[in-house]
Amino acid sequence: MTDVCIFRKIHLAGAGRTPAPTATGGPVPRAPRATLADVAAAAGVSVPTVSKVLSGKKHVSAATRDKVLEAVRVFGYETPRPPSSPRVGLVDLLIDGLGSPWAEVLIRGAEQAAARWGFSLVVTSSARPDFDLRRWIGTVRKRGTDGIVLVLTRADQREIEAIEELLHVPLVLLDPAGQRDPRISTVGATNWLGGVMATTHLLELGHTRIGFIGGPLDAQCTLDRYEGYLAAHRTFGIDPDPELTHYGNFMVSGGKDHGARLLGRDDPPSAIFAANDLQAAGVYQAATERGVRVPDELSVVGFDDSMVCEMLSPPLTTVRQPLDDMANEAVRLVSEELTHPRGPAGTRIELATTLVVRGSTASFGERSA
């Protein structure tokens with residue numbers, strides 16, 4: 001499963017330049033200092049739009065932003081960065097669940113990375129019933145932080161913008177929900193390729209009716225893994241049955257409920273690709289309740305390569321996404337933004353996924369009668 005947004009606050013201030021000498025050695029008369037109005041007129045936009053561009057606001061089109069920055073360059077308008085605020089030695093990790101094996105790996109990776117880059121990690125779960133985003137932002141503002149890593153599968157753009165505008169620190173989105181904003185930096189895994197590998201593995205084993213159990217539809221990783229599932233079918237010249245596609249909740253319960261529906265069909269699939277390991281574990285439960293043996297009568301593939309895989313019997317074939325490395329990259333980007341605040345926004349880091357074959361998949365031709 002999840003897509004580093006870096007917020008820059010730049011104070012607008014003019015600054016005179018030392019006049020260059022003329023050919024005869026005398027100074028060139030100082031040109032009048034450019035104003036925001038000059039830049040706005042040259043770019044054909046309003047002064048507030050120029051201010052938005054220079055302060056790093058997101059609600060400006062790429063074409064308008066380019067025109068403004070070109071006018072800034074031509075006029076030599078100075079936008080010096082104010083002295084950095086003192087560091088407090090903390091990075092915040094806001095995550096929407098703490099109990100899953102997936103979350104445990106991420107937290108461990110983030111904690112190790114924070115120590116490596118000279119920070120202590122503060123972990124907050126947004127899944128608490130009493131969690132309030134505004135109150136959390138107020139708490140963080142009061143004590144201070146050097147940056148934030150968000151792992152919120154259901155975060156919306158308004159929440160992200162609220163954190164940006166009120167905290168003004170580097171902000172990293174890890175495996176984010178929703179469509180990716182190209183102006184926001186993120187860290188994730190090659191989810192599409194992982195979906196291709198999982199489905200290709202099953203197709204190569206002779207399975208032609210393969211169920212897919214995704215997570216929520218507003219999670220980008222669900223869409224990417226499903227697109228990989230479809231692409232693998234196209235490569236084999238097979239049209240997947242749309243009735244075999246279900247969307248769960250990334251929890252064991254989702255895998256069990258949708259697995260039961262798939263296995264209860266008159267024409268059940270011979271294999272199921274679950275979009276995460278917890279839902280794959282739920283498919284195991286549904287299969288056990290119906291006396292369906294894995295992998296003799298049903299092949300199952302998961303996604304994540306969490307500790308759940310080795311606990312299941314048989315051990316789960318899955319797609320490994322390097323969660324610890326993803327967490328490390330997110331914290332590294334926070335540190336990099338603090339050190340190089342003028343670096344480019346919109347960075348997208350995707351780490352490679354790999355297929356890990358264990359005992360939960362078998363050739364369709366080798367299934368027991």
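The values are calculated or read from the model by the stated rules, or taken from the named source; none is laboratory data. Just so it is clear, the model here is predicted, and its values are computed rather than measured. Positions of Cβ are backbone-derived with ideal geometry, glycine not excepted, and every protein chain shown enters the neighbour counts.
Among the residues making up the stretch 143-165, those that are at pLDDT below 70 and either under 11 Å from the mean Cα position of the chain (by Cα) or outside any helix (DSSP H, G or I) (or both) are T153, R154, A155, D156. When you check R367 against the structure, is it at pLDDT 95 or above and either buried (at least 16 other Cβ atoms within 10 Å of the Cβ) or not hydrophobic (A, V, I, L, M, F, W, C) (or both), yes or no? The answer is no for R367. When the residues of the stretch 271-306 are filtered to those that are of a type in the set (G, A, S) and over 13 Å from S360 (Cβ atoms), which remaining residue is surrounded by the most Cβ atoms within 10 Å (Cβ to Cβ)? That would be A275.
Considering only residues in the stretch 53-101 that are β-branched (V, I, T) and either part of a strand (DSSP E or B) or at pLDDT 80 or above (or both), the one that is surrounded by the fewest Cβ atoms within 10 Å (Cβ to Cβ) turns out to be V88. Restricting P216, P242 to those that are modelled with pLDDT of 95 or more and either more than 21 Å from P295 (Cα to Cα) or small (G, A, S) (or both) reduces the list to P242. Candidates are the residues of the stretch 317-341 that are at pLDDT 85 or above and of a type in the set (S, T, Y); the one that is surrounded by the fewest Cβ atoms within 10 Å (Cβ to Cβ) is S335. The requirement of being surrounded by fewer than 17 Cβ atoms within 10 Å (Cβ to Cβ), of a type outside the set (D, E) and not in a helix (DSSP H, G or I) is not satisfied by R234. Here is a check on your reading of the model: is F250 within 22 Å of the chain's Cα centre (by Cα) and modelled with pLDDT of 95 or more? No; evaluated as a whole, the condition is false for this residue. Within the bounds of the stretch 244-263, is there any residue that is surrounded by fewer than 24 Cβ atoms within 10 Å (Cβ to Cβ), closer than 18 Å to F364 by Cβ, among the small types (G, A, S) and not assigned by TED's automatic domain parsing to the domain that holds D96? Taking every residue of the stretch 244-263 in turn, none turns out to be surrounded by fewer than 24 Cβ atoms within 10 Å (Cβ to Cβ), closer than 18 Å to F364 by Cβ, among the small types (G, A, S) and not assigned by TED's automatic domain parsing to the domain that holds D96. Restricting attention to the stretch 342-364, the residues that are at pLDDT below 90 and buried (at least 19 other Cβ atoms within 10 Å of the Cβ) add up to 1.
The criterion of at least 2 residues that are among the acidic types (D, E) is met by the following helices (runs of 4 or more DSSP H) wholly inside the stretch 241-346: 277-289, 323-339. Number of residues in the stretch 102-150 that are acidic (D, E) and surrounded by 14 or more Cβ atoms within 10 Å (Cβ to Cβ) equals 3.
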